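Contents: one structure, followed by commentary.
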Amino acid sequence: VHGAAKAICDHMRDIWFGTKEGEFISMGVYAAGNSYGIPEDLIYSFPIQIKNKTWKVVDGLPINDFSRAKMDATAAELVEERDTAMGFLSQ
């Protein structure tokens, strides 16, 4: 299984069984209250830990300049896509 189907299966497994203590996964979640400077009204991929079928963003991971630039570029693309979609919806 490849691509989106595998990602869905992996996420369902992680939600059901949780992540191992001290480990995290990347998961696209609502960006509210994040410590990474990502606009709060986006779905964005964050480091996530899951316990008892509840996810939590892992805060405070170090981010180098290269990663920060990529994160900011991704957020800007998502904002642009969101704004474009909202423009179509308001017509």
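The values are calculated or read from the model by the stated rules, or taken from the named source; none is laboratory data. Model, not experiment: these values are computed from the prediction. No Cβ is skipped: glycine too gets one built from the backbone with ideal geometry, and neighbour counts run over all protein chains shown.
Couple of notes before you dig in:
- Hits in the stretch 12-58 - residues which are free of Cβ contacts under 8 Å to residues at least 24 places away in the same chain and among the aliphatic types (A, V, I, L, M): 12, 31, 32
- Of all residues in the stretch 1-19 being at pLDDT 95 or above and outside any helix (DSSP H, G or I), the one that is surrounded by the most Cβ atoms within 10 Å (Cβ to Cβ): 19
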